[in-house]
Amino acid sequence: GESVGLHLPTLSVQEGDNSIINCAYSNSASDYFIWYKQESGKGPQFIIDIRSNMDKRQGQRVTVLLNKTVKHLSLQIAATQPGDSAVYFCAEIPGTYKYIFGTGTRLKVLA
Amino acid sequence: DAGVIQSPRHEVTEMGQEVTLRCKPISGHNSLFWYRQTMMRGLELLIYFNNNVPIDDSGMPEDRFSAKMPNASFSTLKIQPSEPRDSAVYFCASSLQQGTGELFFGEGSRLTVL
């Protein structure tokens, strides 16, 4: 079946460095993508989204890049902080309510 | 707005008992989702409601699971009888628009079936 996968299950980054979390998606019909952050014991929280007619979108300290040619999505976090430690999910939305979530990447920020 | 509200946050029960999880979506949101999250399978869609009507329940594991949405501000997910393999975190989420917008999640209900 279709799925969203993550290359790195765990990413350790030094505080202050930039983080890059990657995601591969499989449905070429997906036209909307979201990154979620999930802290321990909490529900996923929206970070940033991007539509398929864009290649890049920037938020506060976060940037999402979309490469439709290779069906790849990445989340860049600038100047990573301890509060960024969490599990990050990408999700693809193929035009319906069937949001497809990856299994997540755990980001650990080292002091 | 208080966001999506779920209860209970934690539930420990014995195999065979009935479990009822509750959700209050964000006011004005017309789409409601129930997800189950496990380490092995990640987030799985159980059922989707639009305007209080179940649209897709194909993710409901088996007949032991049922969900209702009697009005726009309340939904329940019931497991009867519960089994140890049902242990997971169950999330309710709501959105303003079907398939085109941000999904807002509750804090989840952690279920442990002994």
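Worth pointing out:
- Residue check, A:Ser26 under 14 Å from the mean Cα position of the chain (by Cα) and either within 14 Å of chain B (Cβ to nearest Cβ) or farther than 21 Å from B:Gly108 by Cα (or both): no
- Some residue of segment B:20-28 being open to solvent by less than 80 Å² (accessible area, probe 1.4 Å) and in contact with a Lys or Arg (Cβ under 7 Å, 6 or more places away or on another chain): yes
- Within segment B:34-55, the set of residues being over 13 Å from the mean Cα position of the chain (by Cα), open to solvent by less than 80 Å² (accessible area, probe 1.4 Å) and not polar (S, T, N, Q) comprises B:Gly42, B:Val53.
- Tabulated pairs, segment A:82-111, first within 12 Å of another protein chain (Cβ to nearest Cβ) and at negative phi, second among the acidic types (Asp, Glu) and buried (at least 21 other Cβ atoms within 10 Å of the Cβ), C-beta under 9 angstrom, 6+ apart or interchain: A:Tyr99/A:Glu92; A:Ile100/A:Glu92; A:Phe101/A:Glu92; A:Gly102/A:Glu92
- Where strands (runs of 3 or more DSSP E) fall entirely within chain A, those with at least 1 residues that are buried (at least 18 other Cβ atoms within 10 Å of the Cβ) are at A:10-14, A:19-25, A:32-38, A:45-51, A:62-67, A:72-77, A:86-93, A:105-110.
- Tally, over segment B:62-111, of residues that are open to solvent by 30 Å² or more (accessible area, probe 1.4 Å), in a strand (DSSP E or B), in contact (Cβ under 8 Å) with a residue 24 or more places away in the chain and more than 14 Å from every other protein chain (Cβ to nearest Cβ): 2
The values are calculated or read from the model by the stated rules, or taken from the named source; none is laboratory data. Because the structure is a prediction, the values reported are computed rather than measured. Glycine also receives a Cβ, built like all others from the backbone with ideal geometry; neighbour counts cover every protein chain displayed. Note: accessible area is taken over every heavy atom of the protein model, side chains too, but ligands, DNA and RNA are not part of it. Shrake-Rupley method; radii C 1.70, N 1.55, O 1.52, S 1.80 Å.
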